[in-house]
Structure formats: structure tokens, C-alpha cells
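Notes follow once the structure below has been shown.
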Amino acid sequence: MSTAPTQEAPHTLPRINDPAPDFEAKSTHGMLKLSDFKGKWVVLFSHPADFTPVCTTEFVEFARRADEFRRRDAQLIGLSVDSVPAHIAWMRNIEGHFGVKIDFPVIADLDTRVSRQYGLIHPAASETATVRAVFIIDPQQKVRALIYYPMTCGRNIDEIVRALDALQTADANACATPANWQKGDKVVVPPPQTVEDAEKRMQSDYEVTDWYFSKRALDNQ
């Protein structure tokens, strides 16, 4: 009696505050492990394919903004299912045409092992392999934010930097950040959890709109 070959079960998409799946993979900087970057923030981003126009614009902008990520102690890591030689050829092509050097590693996920760990294979969304996604991973290697984009929509690097700033600010100051927050803006104070504290909040030095809605300025921004 013959049996049909079994297919590899798809991996569950990591959720916010889940441990980021560790991996070891070939990259344009040699063998790379996520655990090598423990203690740093990591911005892991996937792209559908090398030598494609939207992805090229994104890599140009990531390269132009690389120093901003470094100043935030964040490591950029790119990923697609293209080979290391393809990545290198594309990076050299970008440098020649746009005058920017890609100095961060790009994973060559030919066997899709890393892509499947991070839920990046969406056959209905991408005719190549990996979709356009971003994972922000904290120094304890937990997933803190994830953003997915359709094939036709290039990423906004300003928003990725803003999200990283917001996460780092929230961690350092036990606060939250409001809509459209930018570094230097006032932050949101967590709401009181008891009736007594709600009453105290109304008398506090914060910028109080109501007991549950207060803002404050930060001295360390």
C-alpha cells in the first residue's frame, strides 16, 4: 500500500512578545545566527526577490538610513530566497546605480527554513516566495512588532524608525506612545488601576484630560 508524501507543516506566525525563532543561515556576511545579536535590537526584513524595482527602492532607503539604526543599537538583517551570489550581484548593482553601499547582512534562505519559521511564505500573495515583512526584535530576542505589506506597496522607513523609537522609549520610561508620536513628543501615562489612584491622577502634575487619559514630557529625549 503506497502512501502520499507528507508535506512539511507550516510554521505558526510568531506573535508579539513571542520568542523570536532562532536560526542559522548563510548570508552576505557569512554564516549568521539570530542569537549572535542577543543584547541588540534587530530589524529583520524580508523582500520578495532581488533585482525587482520596489525592493530596490527599499534597499536604497535602508542603506541610506543605516546609521540611524546603528545609533539606536539596532542591527538590520535582510532576507529572501535568492542565493548569496544573487544578493551580492544585486547589492553591487545598487551601489553602481544609486551610490549607496549595502553594509548589513542579507540572508540567502534558499531552503526557506527561516522564512517558514517567520511565516513569510504566502503563496497567494507572492509569486516568488517571501512576502514583504518587517520584524522588530528586542535585545531579549522577543518579537515586539511585525508589519506586513502587499507586493505593490513599498515600506515606509520613517515608520520603521518611529516604531523602533517608540518601543525603546516605552521600555525605558514605562509609558506608551500616542498616535503619530515622534521622538521628543509627550508620552501617554498608563491609566490608574484603582478608584483611589484614579482620584489621585486627577490631582497629579501630568497633563490630565481625564482620569484615564494623561500625558507627560520626558526629560531624557
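Among the residues of segment 71-99, those that are surrounded by fewer than 17 Cβ atoms within 10 Å (Cβ to Cβ) and among the hydrophobic types (A, V, I, L, M, F, W, C) comprise Val84, Ile88, Ala89, Phe98.
Screening segment 100-111 for residues that are within 15 Å of Met31 (Cα to Cα) and surrounded by 15 or more Cβ atoms within 10 Å (Cβ to Cβ) and picking the one that is farthest from the chain's Cα centre (by Cα) gives Leu110. Could you tell me whether any residue of segment 29-49 is basic (Lys, Arg), part of a strand (DSSP E or B) and out of contact with any Cys (no Cβ under 6 Å at 6 or more places or on another chain)? Yes, some residue in segment 29-49 is basic (Lys, Arg), part of a strand (DSSP E or B) and out of contact with any Cys (no Cβ under 6 Å at 6 or more places or on another chain).
Residues are listed down the side, and each one gets a yes or a no for (1) over 16 Å from Arg116 (Cβ atoms); (2) at pLDDT 95 or above; (3) among the aromatic types (Phe, Trp, Tyr):
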| position | (1), (2), (3) |
| --- | --- |
| Thr6 | no, no, no |
| Asn17 | yes, yes, no |
| Glu24 | no, yes, no |
| Leu44 | no, yes, no |
| Glu68 | yes, yes, no |
| Gln75 | yes, yes, no |
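For segment 77-86, the count of residues that are touching a residue at least 40 places away in the same chain (Cβ under 8 Å), assigned to a loop (DSSP other than H, G, I, E, B) and acidic (Asp, Glu) is zero.
The values are calculated or read from the model by the stated rules, or taken from the named source; none is laboratory data. Keep in mind that what you see is a predicted model, and the values were worked out from it rather than measured. For neighbour counting, all protein chains shown are included, and Cβ atoms are generated from backbone atoms with ideal geometry for every residue, glycine included.
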